[in-house]
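Notes for the one structure printed next.
The values are calculated or read from the model by the stated rules, or taken from the named source; none is laboratory data. Please read all numbers here as calculations on a predicted model, not as lab measurements. Here the Cβ is made from the backbone with ideal geometry for all residues, glycine too, and neighbour counts use every protein chain on show. SASA here: full protein model, heavy atoms, side chains in, ligands and nucleic acids out. Shrake-Rupley method; radii C 1.70, N 1.55, O 1.52, S 1.80 Å.
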Amino acid sequence: MAAEWTNWAGDQRCLPARIETPSGRAELIEAVARATAEGLTVRAVGHGHSFTDVACTGGVLLDMRRLSRVLDVDREAGLVKVESGIGLRPLNETIWGHGLALENLGDIDKQTISGAVSTGTHGTGSRFRNFSSQVEALELVLADGTLHEVSAADPDQLRAARIAMGSLGVIATVTLRTIPSFSIRRLDSPLPLDETLSRLDDLADGSDHFEFYAFPHTRTALLRQSERTDEEPRPRNPVTRFANDVVAENWVMGGIARLGRSFPRRIPALARFVSERVGRTTTLDRSYRVYASQRRIRFTEMEYAIPRRHAREAVSAVLDAAEHADPGVGFPIEVRFVAGDDSMLSPAYERDTTYVAVHQYRGMAWESYFRAVEEIMDPLGGRPHWGKRHFQTAETLAERYPEWEDFKRTRELLDPEASFRNEYLDRVLG
Ligand SMILES: Cc1cc2nc3c(=O)[nH]c(=O)nc-3n(C[C@H](O)[C@H](O)[C@H](O)COP(=O)(O)OP(=O)(O)OC[C@H]3O[C@@H](n4cnc5c(N)ncnc54)[C@H](O)[C@@H]3O)c2cc1C
């Protein structure tokens, strides 16, 4: 029976012809071949943590989460092969047991590996590239059920397949390059926003991982500076951790977001209240535990990748847009830095990049604010995060990706009948 599918934020819904949950490679191949033989399109979905309709379909939706085994760990080479639906948290925990870790991570670890890779998920750190750069090989199930290996043997195809939003086929396995496990020491501390912006390059390059949150209606930034270290992890006890991360980051923010939704005019005062209470905290723990936090309040998000040299003007303009938004915005703006990479559809393609993210609480109007932010990003050559809201189309995007036509050729070769298309891909890829 047809069942509705909804994303994490609860604001993207679709009614697939059916939802299947393959638990092994043979079942996956069979599911894809059966769907296309019936003339149905196919989309794979991971944990549904994208804010766009990128995974939606009226065809067959393959929920990949039962394909979750670690298949091979080559500690010497640092190569780890996994089934594509494994969650980042279990993946990190398993490879930690082998003395290995992923080079970098985003700010949660709920995603599947294939979902994270497919939309160009990133963390922060001006020397580190986004997630998909760690992919050494992929096995793709093509529309007719053929299993197709993508690897460095065809480097251009690999650069196309690393970030493809499921448009080339269904990823069955992913081989990742990992590095020896390491700890992270993180310092969170407030700094006046003007000082943060004037010292931005030094701050971005002065830590292994640097990011900051800028609170609209205040002149305060919360800085997050992390160093990689060989020191033994000193995890906080679970109660302190729960109090700080879950209560402070989610329930307090959630409470404020809800108050802001009911009393939008109070948002500036609420933002000042929160920013004045931001203190200094340090954390020293396993890398993957420090990178990821828990997000219990639901929101929607837009994020743009811009050349790093435009970071200051972009942040100032976005803050101005947030302060003039109607309804108001209680969420801070999140600013991160990554190194350029060479995946054809990477938002950080061949440029040192600053990511600027804006959020709105679930149930509050977001569109006019996000459109205002997009107008700031367009003249700066902004490229949207593929899993976060934006209003671009293939026409507006093509010129922002120097290898756009090469990607299209790869898609025509691997999926000539467009069996993996959906409305989102029609809009953004044409
Ligand atoms: C609270 C929260 C925090 C976030 N933090 C960050 C962050 O720090 N950095 C960042 O960059 N992003 C972040 N994101 C965005 C998120 O990382 C991406 O949207 C990611 O794609 C979600 O992974 P998923 O497993 O949920 O994939 P889904 O959203 O389920 O799918 C994403 C895409 O991958 C495709 N796909 C999934 N599995 C396969 C497969 N096996 N084969 C082919 N295609 C497949 C889907 O078709 C779809 O196109 C965050 C999102 C949320 C909700």
Margin query: Show me the trypsin sites (Lys or Arg not before Pro) within the range 35-102 that DSSP assigns to loop and that have at most 10 other Cβ atoms within 10 Å of their Cβ.
Written below: none
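May I ask you to compute the full-extension gain from Asp320 to Phe391, defined as 0.36 nm times their residue separation minus their alpha-carbon distance, rounded to one decimal in nm? Mind dumping the intermediate values first?
Working: separation 71, 0.36 × 71 = 25.56 nm, distance 2.04 nm.
Working it through step by step, the gained length comes to 23.5 nm.
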Notebook entry, point to check: Classify the range 62-221: rounded, prolate or oblate, from the alpha-carbon gyration tensor (a ≥ b ≥ c, eigenvalue square roots; a/c under 1.5 rounded; otherwise prolate if a/b is larger than b/c)?
Noted result: prolate
Notebook entry, point to check: Normalised by the number of residues in the chain, what is the relative contact order in percent for Cα pairs under 8 Å and 6+ residues apart?
Noted result: 18
Margin query: Just the number please: accessible area per residue for the chain, 1.4 Å probe, all protein chains included, in Å².
Written below: 41
Item checked: Extent along principal axes [Cα atoms of the range 263-358; Å; largest to smallest] -> 45, 35, 24
Notebook entry, point to check: Of the accessible area of the chain, with the probe set at 1.4 angstrom, what percent is carbon plus sulfur?
Noted result: 49
Checklist line | Mean projected area (nm²) of the alpha-carbon convex hull when the chain is viewed from all directions | finding: 19.4
Notebook entry, point to check: Magnitude of the Cβ-charge dipole of the range 67-180, K/R +1 and D/E -1, about the Cα centre, nearest 20 debye?
Noted result: 340
